[in-house]
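**Q** Input: one structure, supplied below.
The values are calculated or read from the model by the stated rules, or taken from the named source; none is laboratory data. Since the model is a prediction, treat every value here as computed from it, not as a measurement. Note that we place each Cβ from the backbone using ideal geometry, even for glycine, and neighbour counts take in every protein chain shown.
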Amino acid sequence: MAATHPVIVIGAGLSGLACAYFLKRSGVDVLLLESAANTGGVIQSIAENGFLFETGPQSFNNTPALAALIAELNIASAVLAAPATAPRYVFIAGQLRPLPLSPPAFLSSSLLSWSTKLSLMREPFSRTVPPDKDESIAAFVRRKFTPELLALLAGPFVSGIYAGDPEKLSLRAAFPQIHEAEKQSGSILRGMKEAAQSKPGSNPKPTLSGFHEGTQTLIRALSAKLEGSLRTGIRITQIARDSAGQFELSAATDTSSAQFLSPHLVLATPTYIAASLLKQLAPEASNALSQIEYAPVAVVSLGYRHADVSHSLDGFGFLAPRNAGIRILGTVWNSSLFPNRAPQDRVLLTSFLGGATDPDAASLSDSALVALAHRELIPTLGLKSQPVASHITAYERAIPQYNLGHLDRLAAIQSELAQIPGLHLTGNYLRGPSIGACIEQAQAVAESIRIR
């Protein structure tokens, strides 16, 4: 006999947990199924010998929707705010250079040439028109500003968010607000200002935050709220529809098989898993989902004695342009942002390697990754000794890439799904990869089901 539920969600990463939570909160009998033994996907916080290692996001922007969820879950007291004025650095010519974060600092900084500074200062007073065809971030920055800005700032910034290649990432997919601002006003600054003024009420800037015991605090709280509605260790092997239009799910566990039945189905899995499950039910959507690429990333966390680090580590961390001569994409100074990340006389540094421009790095052995990251941090931070702690997590497919044609792929997916009532998708390939964006997308999907 198949177990029947009004809504079934497949995948208990952040998106699936949040979607199931919002559904259950509204009174829906929802069942959340996860193939792994644990929930949360890449979001895991591991405490070892006084260090707190994050295997996924090291922090998050506490957006209004995310802050509201955190308050509902009664974990607001566990939120930590990063120092608001923590400087950011970029690694250029063998040195860490502070990013200018104010107009006076921008004008006085020698980081950028005057031609690039002038191109930025002229932007609010000029009018440009974006091309009709999809435009890469690299092409956009070169068209609006200078190649120098792309190499030194825009490229590293893109690596920090997507671990992506700016020559391939779509501006209108990855940063739709920037594209829309230029499209509507001819100027990014004018367009963004007009968009902000058109929204009622205040729009506070999200604060960079973390949890005292790590980002997994959010995962644990959501999982606890779903007690009785969550089953782990269940892998969906096939999805079909019966004569009444309900979804028939075939599943397998380590020891048995199971059947589930539901009129509403939410796939909260990575695209390659969703593509496999939808191959027979929605072949066009499956094909489009399979075309979404992922960047491989290795998360390399290293602990050091504080006395063995020459740099003050006053700040958020640094990003590295691809022409900087190192393979590290960027390094977060965890123990400078939040307490409880390292013992009192230690520091914790988390570096990211791989990405779309250096995919082979993520496939190196753990020992090779430790050696590589340590070797590149020696001159950067003035390290005097080997790390005293380490934790490595490598992902073959870490972050979905919003590459050129991404919006067309999403449109093809939605077009076919519109012909299959009750089938929904949520995940970090739709509205953005950030925690806040995933929460907003999951909530929107839950509300679209609840109001029907």
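**Q** Looking at (1) in contact with a helix residue (DSSP H, G or I) (Cβ under 8 Å, 6 or more places away or on another chain); (2) outside any loop (DSSP other than H, G, I, E, B); (3) not hydroxyl-bearing (Ser, Thr, Tyr), find the lone condition where Glu376 falls short.
**A** (1)
**Q** Right, another one. Going by what's in this entry, would Ile413 be described as at pLDDT 95 or above, over 30 Å from Arg327 (Cβ atoms), within 25 Å of the chain's Cα centre (by Cα) and assigned by TED's automatic domain parsing to the domain that holds Asp242?
**A** Yes; evaluated as a whole, the condition is true for this residue.
**Q** Scan the range 378-409 for residues that are farther than 30 Å from Asn49 by Cα and crowded, with 19+ Cβ neighbours inside 10 Å and jot them down. Spell out the reasoning first.
**A** First pass over the range 378-409, keeping only residues farther than 30 Å from Asn49 by Cα: 400-409.
Answer for the range 378-409, where residues must be farther than 30 Å from Asn49 by Cα and crowded, with 19+ Cβ neighbours inside 10 Å: Pro400, Gln401, Tyr402, Asn403, Leu404, His406, Arg409.
**Q** Restricting attention to the range 158-168, and to residues there that are outside any loop (DSSP other than H, G, I, E, B) and touching a strand residue (DSSP E or B) at 6+ places or on another chain (Cβ under 7 Å), which single residue is surrounded by the most Cβ atoms within 10 Å (Cβ to Cβ)?
**A** The selected residue is Val158.
**Q** In addition: Please go through the range 204-247 and give me each residue that is closer than 25 Å to Ala37 by Cβ, assigned by TED's automatic domain parsing to the domain that holds Gln419 and in a strand (DSSP E or B), ordered by number.
**A** Leu230, Arg231, Arg235, Ile236, Thr237, Gln238, Ile239, Phe247, listed by residue number.
**Q** OK, next. So in the range 210-227, with the set limited to residues that are more than 11 Å from Leu17 (Cα to Cα) and touching a helix residue (DSSP H, G or I) at 6+ places or on another chain (Cβ under 9 Å), which one is surrounded by the most Cβ atoms within 10 Å (Cβ to Cβ)?
**A** Checking each candidate, the answer is Gly210.
**Q** Of Leu152, Leu171, which residue is in contact with a helix residue (DSSP H, G or I) (Cβ under 6 Å, 6 or more places away or on another chain) and either of a type in the set (A, V, I, L, M) or not assigned by TED's automatic domain parsing to the domain that holds Ser77 (or both)?
**A** Leu171
**Q** Of everything in the range 35-57, what is within 20 Å of the chain's Cα centre (by Cα), touching a residue at least 40 places away in the same chain (Cβ under 8 Å) and outside any strand (DSSP E or B)? Give them in sequence order.
**A** Asn38, Thr39, Gly40, Val42, Ile43, Gln44, Thr55, Gly56, Pro57, listed by residue number.
**Q** Separate question: In the range 186-205, which residues are on the phi < 0 side of the Ramachandran plot and in contact (Cβ under 8 Å) with a residue 40 or more places away in the chain?
**A** If the condition is that a residue be on the phi < 0 side of the Ramachandran plot and in contact (Cβ under 8 Å) with a residue 40 or more places away in the chain, then Ser187, Ile188, Leu189, Arg190, Pro204 are the ones that fit.
**Q** List pairs: first in the range 358-374 and more than 20 Å from Trp333 (Cβ to Cβ), second basic (Lys, Arg) and at pLDDT below 95, Cβ under 9 Å, 6+ apart or cross-chain?
**A** Correct list of pairs: Asp358/Arg322.
**Q** Which pairs have Cβ atoms under 9 Å, sit 6 or more apart or on different chains, and link a residue in the range 206-219 that is charged (D, E, K, R) to one that is assigned to a strand (DSSP E or B)?
**A** Glu213/Ser45; Glu213/Ala47; Glu213/Leu52
**Q** Within the range 117-140, can one find any residue that is at positive phi, surrounded by fewer than 20 Cβ atoms within 10 Å (Cβ to Cβ) and not assigned by TED's automatic domain parsing to the domain that holds Ala81?
**A** Checking the range 117-140: not a single residue is at positive phi, surrounded by fewer than 20 Cβ atoms within 10 Å (Cβ to Cβ) and not assigned by TED's automatic domain parsing to the domain that holds Ala81.
**Q** Here is a further query. Which residues, taken from the range 347-361, are under 10 Å from Val300 (Cα atoms) and either among the small types (Gly, Ala, Ser) or surrounded by fewer than 19 Cβ atoms within 10 Å (Cβ to Cβ) (or both)?
**A** Result: Ser351, single match.
**Q** Of the residues Phe352, Phe338, Phe247, Phe316, which single one is closer than 26 Å to Gln443 by Cβ and not hydroxyl-bearing (Ser, Thr, Tyr)?
**A** Phe247
**Q** Related question: Can you tell me which residue in the range 169-202 is surrounded by the fewest Cβ atoms within 10 Å (Cβ to Cβ), limited to those that are within 25 Å of Leu404 (Cα to Cα) and of a type in the set (D, E, K, R)?
**A** Looking at residues that are within 25 Å of Leu404 (Cα to Cα) and of a type in the set (D, E, K, R), I get Lys183.
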